[in-house]
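**Student:** Please read through the structure below; I'll follow up with questions.
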2 protein chains.
Amino acid sequence: MLQLSKFPIKTLKSAPKVSDNRSTSLLLQAWFIRQEMAWAYNYLPFWLKVLRKIESIVREEMNSLWAQEILMPALWSKEHWEQTGRWDKVDVLFKLPASTGKEYALNPTHEELVTPLLWEFIQSYKDLEFWVYQIQNKFRNEKRAKSWLLRGREFLMKDLYSFHKSEETLLVYYEEVKASYKRVFDRLWLWNDTYETIAWWWDFTTLNSHEYQTILGIWEDNIYICNECNTSHNEEVVDSSIWFVCFKCKSKNHRIEKASEVWNIFPLMTKFTDSFDVKYTDSDWKAKEVYMWCYGIGISRLVWVIAEYFMDEKGLVWPEHIAPATHYIIVMWDNLDKAITLSKKLEADWKEVIIDDREKVWFGQKASDADLLGIPYRIVLSDKTLEAWWYELKSRLSDETQIIAL
Amino acid sequence: MLQLSKFPIKTLKSAPKVSDNRSTSLLLQAWFIRQEMAWAYNYLPFWLKVLRKIESIVREEMNSLWAQEILMPALWSKEHWEQTGRWDKVDVLFKLPASTGKEYALNPTHEELVTPLLWEFIQSYKDLEFWVYQIQNKFRNEKRAKSWLLRGREFLMKDLYSFHKSEETLLVYYEEVKASYKRVFDRLWLWNDTYETIAWWWDFTTLNSHEYQTILGIWEDNIYICNECNTSHNEEVVDSSIWFVCFKCKSKNHRIEKASEVWNIFPLMTKFTDSFDVKYTDSDWKAKEVYMWCYGIGISRLVWVIAEYFMDEKGLVWPEHIAPATHYIIVMWDNLDKAITLSKKLEADWKEVIIDDREKVWFGQKASDADLLGIPYRIVLSDKTLEAWWYELKSRLSDETQIIAL
């Protein structure tokens, strides 16, 4: 139970204008985030609650794959990054001079850590396959300035790394990961508008890289979706100088949608295991190469994607299971005691409650804040209704109110 | 439920020698951590489970103070750090050149963020007092190399910041925070050997800074405890050129203990609120200064402190409620099905289970690994006992086994 009077929460009278999207404006107006410096956001309590709930869903699905959760450092040695040839190649790598005279990387990704870490555990074919994941802040030394939340200098990622005996077993596992990712995006109510999209980023593999793009109607990427077989293509793989041809069914019939990348899959193959000389001894006693894949989900990005995807004209809209709270109780006059009693009852039923007991804030302001914040259910406690032993319950998505007996 | 066969866990045959403490050796041997670079630790699954449980206890107690949880960035602007005069003063500050041509701080502490962030919310006396906290990775550009876990370049901290109308109201709140901290350390079973210790670090206050030190018998600080009134003093405030005199009761009778700092309190007073010109309008319409205090708990440090504090000759020992698991089931021969059935029963009762179903690992190795890992209860399932419908339960801290009917 969160009593708004205990904290000087001030929603803004109007949504500040930020570049090209409305959800960031709403998140600023509704007191989810504050920006004091370009590309760096302070997460206020409501944002953090949504973030942690999405994180829990991702963690549950990773655990259901029997993936082990670990946590690797944010700082890493130049030597490891040089060993893979990426110290001077990754242009978003932050390089940090230390008082020891050394330089460190502030990691944008963790292949340079996870590969030598797991080297110790991979000896025989019996040790393979396995997979680990972490949920950790990543850092990117971005040049392009953007005012909104999509591409920040630091952000929370889930990254899963899998290690395999061969390309074949890797592809079997890949299907399992895809199924678990589908469950994540189903649970976040995004799956219906999310497309597996063909993309290439890497020069060391001929396999397709995939990313998953959720259609948002605002810019990050244009995706080309085949109208015949529904295969989606990132703009980067489409040669715009010629007619679009679907990679899969060769149809030219397509549509273009604006979308945001929500997860990606990198077929790392043996690039990193070779760099660190990770081999396994097979049952025929021969030393063989270890195949590796990496699968990411942008967790802090998802908070924003969900905000953008579900918002309406009145403000933010959160699915009930990831909302900052399920119920928003508007207290007018002296009903705080009754609000607390009701909150405790709701909490015993696993609900979460915000009590708006701010003084000298009118009913209209409280009601519009409840809508702006996107809390699924709004309860009004007034003297009049309490005398008659009922209160008013309204769902965020409907205009009708229900009468509930106390 | 964690099946060890699903992951190539390899405890080490013997504890690697690291500088001056045994717990880090045990944590390495028992597969809690791995070190690939000086001062940077990879957290493996067992460590991470303990860390998250301690984090939950701290979060619960902070929430019980009605403190709001927020999360601030790790990167911050040079300008903010210059505004408080600390850009060139804090010698552990990592300074990060970015591709934009700017320099950023990688924050070791967050006064330069929380003060301007909350400036927006502090206007009238009615907005005060309030407090926020975060649980976040801190970074320190340390010169001194240490091989063990106590002083790393990155570590997880809980930092609470409180904002007050006056020194008097600040001191009232301080007693509430102390009570909540006592509950945290009670719940971690450390309170009996933890001392409020007088210390000074800062030049802008004449109030005592406090730190809390847990007696460990190995080095970080020497504390001087008065035998008459039990007041503890950090070595740094004791003039070792003269006789020790207790600050409180003036007695010379004392003992010296080796201890580790587990929490600290900084009376920031108006240093930071003045730097950012944060003032409030009082009921008399005068602009007044805002008083601020900061209270820290080193969460990742606590994992190590607890390991060091409770370990015995057989290995690690974890209090049941923060252990990586409550039960360690040793499976010999073909009893995995029965182990899984029993695990599910235990999990329905909120227990957590590690199933040691590793192949070709002898009973003796599994039993000593159960002890080394410090799991509170060990269960042995063998064909012989299962035929007679019982299994063997042993507590980590006793040598006697109990017979439990299936």
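Read the figures in this text as sums done on the coordinates, not as results from a lab. All values derive from a computational prediction rather than experimental measurement. Here Cβ is always computed from backbone atoms with ideal geometry, including for glycine, and neighbour counts include all displayed protein chains.
**Student:** Counting other Cβ atoms within 10 Å of each Cβ, which chymotrypsin sites (Phe, Trp or Tyr not before Pro) in segment B:307-406 have at most 14 and sit in a DSSP loop?
**Tutor:** Filter output for segment B:307-406: B:Trp333, B:Trp350, B:Trp362, B:Trp389.
**Student:** I'd like to know which of B:Ser99, B:Trp87, B:Asn222 lies farthest towards the positive end of the charge dipole of chain B, counting +1 on Cβ of Lys and Arg and -1 on Cβ of Asp and Glu.
**Tutor:** So the residue we want is B:Ser99.
**Student:** Radius of gyration and Dmax for segment A:58-165's Cα atoms, expressed in Å?
**Tutor:** Just the Cα atoms of segment A:58-165 yield Rg and Dmax of 15.7, 50 Å.
**Student:** With the label 7 angstrom out along Cα to Cβ, how close does A:Glu103 come to the same site in each of the other copies, in nm, nearest first?
**Tutor:** Here the equivalent label points are 1.6 nm apart from this one.
**Student:** A 31 angstrom limit on the alpha carbon distance is what I want to check against. Which of B:Lys182/B:Lys248; A:Lys95/B:Lys182; A:Lys344/B:Lys138; A:Lys95/A:Lys288 exceed it?
**Tutor:** A:Lys95/B:Lys182; A:Lys344/B:Lys138; A:Lys95/A:Lys288
**Student:** Further question on the same structure: Every cysteine in the protein assembly as shown with no other Cys Cβ under 4.7 Å from its Cβ, please list them in numeric order.
**Tutor:** That list is A:Cys294, B:Cys294.
**Student:** Sorted from largest down, give the three principal axis spans of the alpha carbons of the protein assembly as shown, whole angstrom values.
**Tutor:** Here the Cα extents, ordered largest to smallest, are 83, 73, 61 Å.
**Student:** To continue, here is another question. With 10 angstrom as the radius, rank A:Tyr125, B:Tyr291 by how many other C-beta atoms surround their C-beta, starting from the fewest.
**Tutor:** The fewest-first ordering by Cβ neighbours comes to A:Tyr125, B:Tyr291.
**Student:** Between copies, how far does the label point of B:Trp66 sit from its twins, in nm, shortest first, when each point is 7 Å from Cα along Cα→Cβ?
**Tutor:** 5.0
**Student:** Let me ask another. Past the 16 angstrom mark, what percentage of all C-alpha to C-alpha distances in segment A:330-406 do you count?
**Tutor:** 49
**Student:** Cut-off under 15 Å on the C-alpha distance; same-chain residues fewer than 8 positions from A:Lys338 excluded. Which aspartates and glutamates are left, in chain and number order?
**Tutor:** The qualifying aspartates and glutamates are A:Glu347, A:Asp356, A:Asp357, A:Asp383, A:Glu387, A:Glu392.
**Student:** Let me ask something additional. Each label point is 7 Å from the Cα along the Cα-to-Cβ direction; what then is the distance between the points at A:Lys351 and B:Leu12, in nm?
**Tutor:** A separation of 5.4 nm, rounded to one decimal place.
**Student:** While we're on this one: Which FRET efficiency value, to the nearest 0.05, do you get for B:Asn230 and B:Arg183 by plugging their Cβ-Cβ distance into 1/(1 + (r/R0)^6) with R0 = 25 Å?
**Tutor:** Result of the calculation: an efficiency of 0.80.
**Student:** Here is a further query. Radius of gyration and Dmax for segment B:32-310's Cα atoms, expressed in Å?
**Tutor:** My reading of the Cα-based Rg and Dmax gives 19.5, 60 Å.
**Student:** Just rank A:His254, B:His321, A:His164, fewest to most, by other beta-carbon atoms within 10 angstrom.
**Tutor:** Listing A:His254, B:His321, A:His164 from fewest to most nearby Cβ atoms yields B:His321, A:His254, A:His164.
**Student:** Simple spin-label model, 7 Å along Cα-to-Cβ: B:Cys249 to B:Ser5 in nm?
**Tutor:** Between B:Cys249 and B:Ser5, the simple spin-label model gives 6.2 nm.
**Student:** Using r as the Cβ-Cβ distance of B:Ile256 and B:Asp20, and R0 as 22 Å, what FRET efficiency do you calculate, to the nearest 0.05?
**Tutor:** Given R0 = 22 Å and the Cβ-Cβ separation, E is 0.80.
**Student:** Counting only helical runs of four or more DSSP H residues, what would the 222 nm mean residue ellipticity of the protein assembly as shown come to if each run contributes -39,500 (n - 2.57) and the total is spread over all its residues?
**Tutor:** Taken over the protein assembly as shown, the calculation gives -8000 deg cm²/dmol.
**Student:** Would you kindly work out, in nm and rounded to one decimal, the distances from the label point of A:Asp282 to those of the same position in each other copy, ordered shortest first, with label points 7 Å along Cα-to-Cβ?
**Tutor:** With the label placed 7 Å along Cα→Cβ, A:Asp282 yields 8.1 nm.
**Student:** Next up: What's the exposure ranking of A:Asp282, B:Asp399, B:Asp369, going from fewest to most Cβ atoms within 10 Å?
**Tutor:** The order, fewest Cβ neighbours first, is B:Asp399, A:Asp282, B:Asp369.
**Student:** Okay, next question. Relative to a virtual label point 7 Å from the Cα of A:Glu320 in the Cα→beta-carbon direction, which members of segment A:377-406 show backbone nitrogen distances below 13 Å?
**Tutor:** Counting only backbone N, you get A:377-378, A:394-398.
**Student:** Spelling out what I want: for every residue of segment B:275-283, take phi, set θ = phi - 60°, compute 6.51 cos²θ - 1.76 cosθ + 1.60 (Karplus), and round to whole Hz; glycine and proline get x.
**Tutor:** Listing the rounded values in order: 4, 9, 6, 8, 10, 10, 8, 7, 5 Hz.
**Student:** What number, in nm² with one decimal, is the all-direction average of the projected area of the convex hull of the alpha-carbon atoms of segment B:186-344?
**Tutor:** Averaged projected area of segment B:186-344's Cα convex hull equals 16.7 nm².
**Student:** Return the distance in nm (one decimal) between the two label points of a simple spin-label model at A:Asn63 and B:Thr281, each offset 7 Å from Cα along Cα→Cβ.
**Tutor:** Placing both labels 7 Å along Cα→Cβ, they lie 5.1 nm apart.
**Student:** Could you quickly flag the chain A residue whose beta carbon comes closest to the rotation axis taking A to B, and that distance in whole angstrom?
**Tutor:** Closest to the axis: A:Leu96, 3.
**Student:** Let me ask something else about it. Build a GNM of chain B with springs between Cα atoms under 10 Å: which of B:Pro116, B:Pro73, B:Pro376 gets the top mean-square fluctuation?
**Tutor:** Fluctuation is largest for B:Pro73.
**Student:** Could I ask something else about it? Using a 10 angstrom cutoff on alpha carbons, build the Gaussian network for chain B and name the most mobile of B:Ile242, B:Ile225, B:Ile330.
**Tutor:** Taking springs between Cα atoms under 10 Å, the residue moving most is B:Ile242.
**Student:** How high is the FRET efficiency between A:Leu397 and A:Lys288 when r is their beta carbon distance and R₀ equals 45 Å, given to the nearest 0.05?
**Tutor:** 0.20
**Student:** Continuing with the same structure: Under a Cβ-only charge scheme (Lys and Arg +1, Asp and Glu -1), can you give me the dipole magnitude of the protein assembly as shown about the Cα centre, in debye to the nearest 20?
**Tutor:** The dipole of the protein assembly as shown has a size of about 340 debye.
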